[in-house]
1. Nothing charged except the Cβ atoms of Lys and Arg (+1) and of Asp and Glu (-1): what's the magnitude of the dipole of segment 2-102 about its Cα centre? Round to the nearest 20 debye.
2. Counting other Cβ atoms within 10 Å of each Cβ, which chymotrypsin sites (Phe, Trp or Tyr not before Pro) in segment 1-108 have at most 11 and sit in a DSSP loop?
3. Which of V58, V5 has the fewest other C-beta atoms within 10 Å, and how do the rest follow up to the most?
Amino acid sequence: MANFVLLYTGGGMPESEEESASVMETWMNWFTQLGEAVLDGGDPFMPGAKTIASDGTVREGAVAITGYSILEADSMDEAIRMAQGCPQLQSGGEVAVYEVFEMDMPEMAVADTSEEIDEDDSDASEEAEEAEDMEVSDEGDEEESDENDEESEESDEDEGTDESEEEADENGEENDDDDDTEESEESDDDDESDETEEDENESDDDAGDEESEESDDDEESDETEEDENESDDDAGDEESEESDEMEKTSEETE
């Protein structure tokens, strides 16, 4: 059994998503028919290749190879027969078939190389594991730090809330004290006002009593004057009667 490389050139590109899906399905069906003979289905190449000359110079462009595949076959004829069913040919492209020349490497060299590769892989794996452990540790530290920060913030918020509640309670007590003081002052003012009104009422009552007494005195005075006037009138009448009697007596005497 030998390995054969199929290099693809030319051909067209699908112009729509439906055409692209159809082309992909054709390739998958071809690989399925070949079965275990497909060692590497390969991939298409990107455009824009460069060519390096023997003197090291680099120029744009190269042989227009668009992709590859690697098959396993008993002979070149069998490899060609397999390649004749390649979808590359259906798109107008070409397929070049190369048989891979397998070199017999010295066993020691191969063994040493294999051991070095295994050691390198082991070291790389250990370094990767250490890096992952460090990342996990860093993430754990960051999470713990974040949790501590959150707890600290919550504690600060709780303390701030407690302080606010205490201040609110103190302010409420002060307001209650102020309200009680104001109510007490208002009550005192009301009491003083009531006392003032009582004093004024008493003063008015006293003034009324004095006015009533004065009125009584005036009435008594008026009655006394009336009595005196009546006495004077009676005396005048008596004098008039006496005068009349004297005149009568004098007339009789004459």
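1. Details: 3 positive and 17 negative charges, 69 e Å.
Computed about the Cα centre, the dipole is about 340 debye.
2. Values: sites: F4, Y8, W27, W30, F31, F45, Y68, Y98, F101; in loops: F45, F101.
Of the chymotrypsin sites (Phe, Trp or Tyr not before Pro), the ones in loops of segment 1-108 whose Cβ has at most 11 other Cβ atoms within 10 Å are F101.
3. Numbers: V58 8, V5 17.
The order, fewest Cβ neighbours first, is V58, V5.
Coordinate-derived values only; no laboratory data. Quick caveat: nothing in here was measured; it's all calculated off a predicted structure. A quick note on method: Cβ atoms are made from the backbone with ideal geometry, for glycine too, and the neighbour counts reach across all protein chains shown.
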